[in-house]
Amino acid sequence: MVEERRIFEGVLPVAGFRRLRGVLAGDTGDVEYRLEFVRNDLGGAALLLDVTAALTLTCQRTLDPFVLPVDLHAQLGLIAHEREEAALAPGFEPLLVAADGRIEPAAVIEDELVLAVPLVPVAPNSTWPEQGRGTGPDAGPDIAEKPNPFAVLRELKNTRD
């Protein structure tokens, strides 16, 4: 593939990515991809990956679903052994290939999408719920209103002096 500079383009359903579905709020939509096998500046085998998708996540601030647009561009150096990682061209991430030199394009795409999902997804322009900020009618007392548990110790210290 590298010697022939092969390019693969296509569309895969989000529902087909088992590991990715585990972090999503919904599995609708498609993933557009482009894989280009090339030689990098140092002559090593590489894969240029472009992925576009709209992933449905759960906002951890509001707990509502939202769509996160993903537009990935990755440069992956194809290596057969971990020791080859040091010889990768600058800007290339390692991609360990099987002993026979084969890779699973869908698995590579899924790996990159899983890495693109934020650890704590928060919808853009989301705001804290009123109850969470302590300003609503059902909110508890403000921190300033809570009694200091160490006030008794301060009084004891002052009486001993």
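Assuming charge only on the beta carbon of Lys and Arg (+1) and of Asp and Glu (-1), the dipole of the chain about its Cα centre is about 640 debye to the nearest 20.
Put simply, when 36-43, 1-8 are sorted by average Cβ atoms within 10 angstrom per residue, most first, you get 36-43, 1-8.
How high is the relative contact order of the stretch 7-127, given as a whole-number percent (alpha carbon pairs under 8 Å, six or more residues apart)? Numbers along the way, then the final one.
Values: 221 pairs, mean separation 26.5, N = 121.
Relative contact order for the stretch 7-127 comes out at 22 percent.
Could I get the Rg over Rh figure for the stretch 7-127? Both from C-alpha atoms, Rh via Kirkwood, rounded to two places.
Here Rg/Rh amounts to 1.03.
For the stretch 50-109, the fraction of C-alpha pairs farther apart than 14 angstrom is 68 percent.
For the stretch 73-88, 3J(HN,Hα) computed residue by residue from phi via the Karplus equation (6.51, -1.76, 1.60; θ = phi - 60°) reads 9, 10, 10, 10, x, 7, 10, 8, 9, 4, 5, 7, 4, 5, 8, 5 Hz, glycine and proline entered as x. Amide H contacts of Val122: Gln60, each under 5 Å away and 5 or more positions distant or on a separate chain (H built 1.01 Å from N in the peptide plane; Pro and chain starts excluded). Considering only Ala45, Pro121, Gly29, and ranking their Cα positions along the charge dipole of the chain that arises from unit charges at the beta-carbon of Lys, Arg, Asp and Glu, the one farthest toward the positive end is Pro121.
Distances between placed amide hydrogens fall under 5 Å for Thr56 paired with Ala25, Gly26, Leu68, all partners being 5 or more residues away or on another chain.
Every number in this text was worked out from the coordinates using simple rules, so none of it is lab data. As the structure is a computational prediction, the values presented were derived from the model and not from experiment. Positions of Cβ are backbone-derived with ideal geometry, glycine not excepted, and every protein chain shown enters the neighbour counts.
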